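All remarks here apply to the structure that follows.
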There are 2 protein chains.
Amino acid sequence: METVKKRSECPISCSLDVFGDKWSLLIIRDLMFWGKSTYGDFLKSEEGIATNILASRLQTLEENKIIEKLEHPGSKAKNLYRLTEKGIDLLPVLTEIYLWAEKFFSIPADIKATIDEAKKDKEAFMQTTMKDLKKQLEE
Amino acid sequence: METVKKRSECPISCSLDVFGDKWSLLIIRDLMFWGKSTYGDFLKSEEGIATNILASRLQTLEENKIIEKLEHPGSKAKNLYRLTEKGIDLLPVLTEIYLWAEKFFSIPADIKATIDEAKKDKEAFMQTTMKDLKKQLEE
DNA sequence: TCTTTGCACTTGCAAATTGCAAGCAAAATT
DNA sequence: AATTTTGCTTGCAATTTGCAAGTGCAAAGA
């Protein structure tokens, strides 16, 4: 475990030290919106993350308490990753990225519904989604 | 100018292709909240970006229409960088990162006031700040 | 029981990116 | 005219990434 070296005390900079790369937020996206929870799940995502990078990011996110690693209830061969409260609290950040992207990129059909819901009533969307995510922590 | 290679059609992934690194959002932060506008200004930020990385990031952000490069009204030696509308629209993303960070990091005194204002009334903060930023585009 | 498959990584290595120091040309200052 | 400022570019070493292959363990199948 390496010591986390901050570049500055700026909250944005500190945040980017945690998730400021091309992959971490995609893992969080998969956990938050698409029900993924295992190493194999993340590997299947269409962006095609390399296996060593995935292992490394999962470790960093775990060290920073964004996710936690648990035994998989269905199989000893698998691990189950899930968002912590701190990770769930990133929902507004991810949501705003979705809403920004919606203005400037074309949105694939399978994601459209989710974004439209967020667009229609942002607060309601975030409250509902956050409640669902926190419910998972009780299990 | 290199062609932008998307990893997928996912809006989060496309967004990270644009600003998903340790430096781009810090440049945007400097433009958005701290009135910085020149190469030298960004270089002075406490995180200490390398000169070649800064030049490279400014170019990428310009190519992606997040910022634009103009003649500096006061000096021909300087360039003036400013956020486009597309860049200004990232305000909610930056604001939510601030609010997330506020929950999990200790906040330096000089930034505290800004974050407290956002925390007290997020919508009002964003409306006011966005209005100020858009006013700069008219000049 | 033995073999095969699935899962979660780790390792080795080449390629790309980053960080640091130095250099450079045009403009501004002295 | 000489020096400093500004916005870069260049060279190179160090770090990080991406790809392919390999490893160890658990569960399933023959």
All but one of (1) touching a Lys or Arg at 6+ places or on another chain (Cβ under 6 Å); (2) crowded, with 19+ Cβ neighbours inside 10 Å; (3) within 14 Å of chain A (Cβ to nearest Cβ); (4) closer than 22 Å to B:E138 by Cα hold for B:S24; which doesn't?
-> (4)
Given (1) outside any helix (DSSP H, G or I); (2) open to solvent by less than 60 Å² (accessible area, probe 1.4 Å), where does A:L133 come up short, assuming only one miss?
-> (1)
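State whether the residues of the stretch A:61-72 include one that is within 13 Å of chain B (Cβ to nearest Cβ) and within 22 Å of B:C10 (Cβ to Cβ).
First pass over the stretch A:61-72, keeping only residues within 13 Å of chain B (Cβ to nearest Cβ): A:64-66.
When the remaining residues are screened for being within 22 Å of B:C10 (Cβ to Cβ), the result is A:66.
Yes, the conditions are met somewhere in the stretch A:61-72.
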With the checklist (1) without any contact (Cβ under 8 Å) to a residue 40 or more places away in the chain; (2) more than 14 Å from chain A (Cβ to nearest Cβ) in hand, flag the one item B:L80 doesn't pass.
-> (1)
Can you name the residue in the stretch A:41-53 that is open to solvent by less than 30 Å² (accessible area, probe 1.4 Å) and either away from chain B (no Cβ under 14 Å) or part of a loop (DSSP other than H, G, I, E, B) (or both) and, of all such residues, is nearest to DNA strand C (Cβ to nearest atom)?
-> A:I49
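Are any residues in the stretch B:27-40 away from chain A (no Cβ under 14 Å) and surrounded by fewer than 19 Cβ atoms within 10 Å (Cβ to Cβ), and if so, which ones? Give the steps one after another, and end with the answer.
Residues of the stretch B:27-40 away from chain A (no Cβ under 14 Å): B:35, B:37-40.
B:G35, B:T38, B:Y39, B:G40 - these are the residues of the stretch B:27-40 that are away from chain A (no Cβ under 14 Å) and surrounded by fewer than 19 Cβ atoms within 10 Å (Cβ to Cβ).
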Out of A:S13, A:S56, A:S24, report the one residue that is of a type in the set (G, A, S) and more than 10 Å from DNA strand D (Cβ to nearest atom).
-> A:S13
Of (1) of a type outside the set (G, A, S); (2) at pLDDT below 95; (3) surrounded by 21 or more Cβ atoms within 10 Å (Cβ to Cβ), A:E2 satisfies every one except (3)
Checking B:C10 against (1) within 14 Å of chain A (Cβ to nearest Cβ); (2) within 24 Å of B:T129 (Cα to Cα), which single condition isn't satisfied?
-> (2)
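The values are calculated or read from the model by the stated rules, or taken from the named source; none is laboratory data. Since we're looking at a predicted model, the values are computed, not measured. Neighbour counts run over all protein chains shown; Cβ positions are idealised from the backbone, glycine included. The protein model used for the area step is the full one, side chains on, heavy atoms only, and it has no ligands, DNA or RNA in it. Shrake-Rupley method; radii C 1.70, N 1.55, O 1.52, S 1.80 Å.
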